[in-house]
Protein chains: 2
Amino acid sequence: MTEHALPQPKGFLTAVSNIGIKDETEDFVCIYSEAPCVSAGVFTQSRFAGPSVLLSREHLAHGNNRAIVAISKNANVATGAEGERDARDIVAGIAQALAISPEHVLIASTGVIGRRYPMEKIRPHLASLRTHLHAADFAAAARGIMTTDLVPKLAVARVGDAVLLGIAKGVGMIEPNMATLLTFFMTDAAIEREQLDAVFRRVMDKSFNCLSVDTDTSTSDTALILANGLAGPVDLAAFEAALLDISLQLVKKIARDGEGATKMLEVTVEHARDDRQAKRVAKAIVNSPLVKTAAHGADPNWGRVVMAIGKCDDELDIDPAKVSVAFGDMEVYPRQLGEAALAELKTVLTRDEIVIRVSLGLAEGRATVWGCDLSAGYVKINGEYTT
Amino acid sequence: MTEHALPQPKGFLTAVSNIGIKDETEDFVCIYSEAPCVSAGVFTQSRFAGPSVLLSREHLAHGNNRAIVAISKNANVATGAEGERDARDIVAGIAQALAISPEHVLIASTGVIGRRYPMEKIRPHLASLRTHLHAADFAAAARGIMTTDLVPKLAVARVGDAVLLGIAKGVGMIEPNMATLLTFFMTDAAIEREQLDAVFRRVMDKSFNCLSVDTDTSTSDTALILANGLAGPVDLAAFEAALLDISLQLVKKIARDGEGATKMLEVTVEHARDDRQAKRVAKAIVNSPLVKTAAHGADPNWGRVVMAIGKCDDELDIDPAKVSVAFGDMEVYPRQLGEAALAELKTVLTRDEIVIRVSLGLAEGRATVWGCDLSAGYVKINGEYTT
């Protein structure tokens, strides 16, 4: 998708720059709506949520948010009272530059934990923010929030006269529990606050909360949506469908770009007792390091899927005699595979998208989750991250 | 420890051989007590537990077990009714060769899931078992149960006049939930069955159940103890202390030999609300792929420990203001580290044993768990396992 072809929601401006947080890449993004917005958001459940998350949660409760500032390459987490003051100073500086109230600003951060922001670099940039604000360039904004991401993640949809656009970054410390670090949606649709909130939570639960790169939940996960109403009202069901569609596009982009990943995994569990059990079993499979390494090496070791199902023993109703497992359309259990079938399975595993389907044979519960393989690249990226 | 220096419990014989399950290495171990034994055991909680586990659980309930047969390189799991019949045939063959009842035989298996045993190779071996049984060679038995292990794991202690000896294997698919695949203890101490069972469960819970190489719980975990009483009664508290001591020795040997591991991790969480919370937080740290890769690369990225604590949010009583984190004796949080301290931490992380200590500042709950770093070697071993 080229930047020129992008439909844009009306009334948004962006500022994207490098202020030298870590290196020469873009690390500062401000998204501003010229009109007042209705907003919704979900955040990490981590007990070590940083000041950016705490402050945004507080400001979201106020409503009428009009600006999102995102700083990448430093999460400003576990930095004590100083880190809290730094976050408040940044929000105050943004508010002053945009001539809005500090409560109307939302802030998000991502990067290393336990280091203070270089405020001496950030303060002068805030003072000159107005000169950096231009007609929205969301492709640049998607680049500006990247850390170990290799590609920017952006998706867009039309809903009636309105446009809905989302950007996201991933790709390590990713097993979101409410939202992923970070994803922002902008739309010019007109929607009531309560409706937007309900739609947003439902969609996040079916998309970003079904994603796991490495089982590690970030301290900074933040998902936000701003709706400025400039395109007028839209059909709510169509809006929810479009939001789910672009959320899943972003989720798959993150899974594909998971740290060190070479393949995307999609795991569907059907006929579980309920959706919760289906999701727990699907997550156990997509998170199993043995399933992930087998996918990486295209090793037709399907028994590891059975192992991962077997360790979900909380409810004692999973019965091996009722379970079936398939890779794509190829059943591997209870069917016993001969040498020819194992060779065929190896071919299926060389694809860059591996689909695993499990039936528990119990009832109608169902869930699909996304993840990626585990490679030596993940080990390398994360053994060298801060040094 | 040389084989000659090993004290041996009286009255045990062993047979260790290669019967060609997968390659030329030893894959068949039989341990036999000339005298009747008191026994105890714990097994995997996996819903996909294989016929070896199911059969041993049944035979352990009978009591009076006198023989353990262990087959490595094939787990005989998810092999349907044929796999069940194969396991019963092996036990019957062993019983016939030793002139004991089939219920007196315990069986354990480890290796690839979803492949049938080569019964045409196993049957003739069982028929000639008597000729392979010799004075106990537990070092050979420890080698015979290895799969991806690089070193055999054996520990021994004296308790009064008795000797207590344990062997173990297991270096991948290891987050035991009741026991690890596989560990066997032999003693000539005389102990009542109920007492042995209680002692064994307490010790397994504090040792093997505190170990995780890769969060994947095997379908075949089996821990067994045979006590033939030939050395007479012992002090029970001394016996329990010795059993814990050699269990922890075996656990640390497994952690150090974790697939692809170059370092052992030991994580202690203190001042938790209770021991359960302490263990959950300690496991979250030792299992975090980001903590494991940072340990591997000696990256002083201590913030990942804070992240792992933060994702344990089930009870909402962990308060960042009360938490402290140290690597060895070096506090990293809440203290904020400068460049010199980060360099010092990097040195600490180059050691081959990394000790992480966390205080939650809540109450007196406490747990220690063991694990290992995550390396490209793990990815390589498990991307190529069956092929």
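Of the residues screened, residue A:213 is not one that is outside the structural domain of residue A:357 (by TED's automatic domain parsing), in a helix (DSSP H, G or I) and not small (Gly, Ala, Ser). Tallying residues that are in contact (Cβ under 8 Å) with a residue 24 or more places away in the chain and farther than 18 Å from residue A:51 by Cα within region B:306-341 yields 11. When B:100, B:90, B:94 are checked against the criterion of being more than 21 Å from residue A:290 (Cβ to Cβ), part of a loop (DSSP other than H, G, I, E, B) and at pLDDT 95 or above, B:100 stands alone in meeting it. Looking only at region A:288-307, residues that are part of a helix (DSSP H, G or I), more than 7 Å from chain B (Cβ to nearest Cβ) and hydrophobic (A, V, I, L, M, F, W, C) come to 3 in all.
Taking the conditions exactly as written (in contact (Cβ under 8 Å) with a residue 60 or more places away in the chain, surrounded by fewer than 24 Cβ atoms within 10 Å (Cβ to Cβ) and either touching a strand residue (DSSP E or B) at 6+ places or on another chain (Cβ under 9 Å) or part of a helix (DSSP H, G or I) (or both)), does residue B:219 satisfy them or not?
Numbers: in contact (Cβ under 8 Å) with a residue 60 or more places away in the chain: yes; surrounded by fewer than 24 Cβ atoms within 10 Å (Cβ to Cβ): no; either touching a strand residue (DSSP E or B) at 6+ places or on another chain (Cβ under 9 Å) or part of a helix (DSSP H, G or I) (or both): yes.
Against the criterion (in contact (Cβ under 8 Å) with a residue 60 or more places away in the chain, surrounded by fewer than 24 Cβ atoms within 10 Å (Cβ to Cβ) and either touching a strand residue (DSSP E or B) at 6+ places or on another chain (Cβ under 9 Å) or part of a helix (DSSP H, G or I) (or both)), residue B:219 does not qualify.
Can you pull out every residue in region A:50-77 that is in contact with a Phe, Trp or Tyr (Cβ under 7 Å, 6 or more places away or on another chain) and farther than 12 Å from residue A:109 by Cβ? Scanning region A:50-77 gives A:57, A:66, A:67. Take residue B:322 and tell me if it is touching a Gly at 6+ places or on another chain (Cβ under 7 Å) and either hydrophobic (A, V, I, L, M, F, W, C) or more than 8 Å from chain A (Cβ to nearest Cβ) (or both). When the stated conditions are applied, residue B:322 passes them. Contact annotation: residue pairs with Cβ atoms under 6 Å, 6 or more positions apart or on different chains, pairing a residue in region B:361-375 that is more than 14 Å from every other protein chain (Cβ to nearest Cβ) with a partner that is assigned to a strand (DSSP E or B), are B:365/B:272; B:366/B:270; B:367/B:269; B:368/B:268; B:369/B:267; B:370/B:211; B:370/B:266. Taking the conditions (1) among the β-branched types (Val, Ile, Thr); (2) within 14 Å of another protein chain (Cβ to nearest Cβ); (3) part of a strand (DSSP E or B) in turn, residue A:225 satisfies each one other than (2).
Being of a type outside the set (Val, Ile, Thr) and not in a helix (DSSP H, G or I) is not true of residue A:279.
Residues are listed down the side, and each one gets a yes or a no for (1) within 14 Å of chain B (Cβ to nearest Cβ); (2) closer than 27 Å to residue B:308 by Cα; (3) out of contact with any Pro (no Cβ under 9 Å at 6 or more places or on another chain); (4) in contact (Cβ under 8 Å) with a residue 24 or more places away in the chain:
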| residue | (1), (2), (3), (4) |
| --- | --- |
| A:61 | no, no, yes, no |
| A:70 | no, yes, yes, yes |
| A:73 | yes, yes, yes, yes |
| A:86 | yes, yes, no, yes |
| A:103 | no, no, yes, yes |
| A:109 | yes, yes, no, yes |
| A:115 | yes, yes, yes, yes |
| A:137 | no, no, yes, yes |
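For region B:8-25, a tally of residues being touching a Lys or Arg at 6+ places or on another chain (Cβ under 8 Å) and outside any loop (DSSP other than H, G, I, E, B) returns 1.
The listed residues are A:23, A:27, and the only one of them that is of a type outside the set (A, V, I, L, M, F, W, C) and either touching a Ser or Thr at 6+ places or on another chain (Cβ under 7 Å) or not assigned by TED's automatic domain parsing to the domain that holds residue A:228 (or both) turns out to be A:27. Taking every residue in region B:36-57 that is free of Cβ contacts under 8 Å to residues at least 24 places away in the same chain and pairing it with any residue that is of a type in the set (Phe, Trp, Tyr), at least 6 positions away or on another chain, the pairs with Cβ-Cβ distances below 8 Å are B:57/B:43. Of B:272, B:282, B:190, all but one fail to be of a type in the set (Gly, Ala, Ser), in the same structural domain as residue B:151 (by TED's automatic domain parsing) and more than 11 Å from the chain's Cα centre (by Cα); the exception is B:190.
If you go through region A:74-117 and keep only what is on the phi > 0 side of the Ramachandran plot and buried (at least 22 other Cβ atoms within 10 Å of the Cβ), you end up with A:76, A:78, A:111, A:114. Here residue A:231 fulfils each of the conditions (1) in contact with a Leu (Cβ under 9 Å, 6 or more places away or on another chain); (2) part of a strand (DSSP E or B) apart from (1).
Return the residues of region A:198-209 that are assigned to a helix (DSSP H, G or I) and crowded, with 24+ Cβ neighbours inside 10 Å; say none if nothing qualifies. Outline the logic, then answer.
Step one: of region A:198-209, the residues assigned to a helix (DSSP H, G or I) are A:198-206, A:208-209.
Within region A:198-209, A:200, A:203, A:204, A:208 qualify.
Screening B:363, B:341 for residues that are over 31 Å from the mean Cα position of the chain (by Cα) and more than 21 Å from residue A:217 (Cα to Cα) leaves exactly one candidate, B:341. Considering (1) farther than 20 Å from residue B:169 by Cα; (2) surrounded by fewer than 23 Cβ atoms within 10 Å (Cβ to Cβ); (3) free of Cβ contacts under 8 Å to residues at least 60 places away in the same chain, the lone condition that residue B:24 does not fulfil carries the number (1).
The values are calculated or read from the model by the stated rules, or taken from the named source; none is laboratory data. Bear in mind that the values here come from a model prediction, so they are computed numbers and not experimental data. Positions of Cβ are generated from backbone atoms using ideal geometry, with glycine treated the same way; all protein chains shown enter the neighbour counts.
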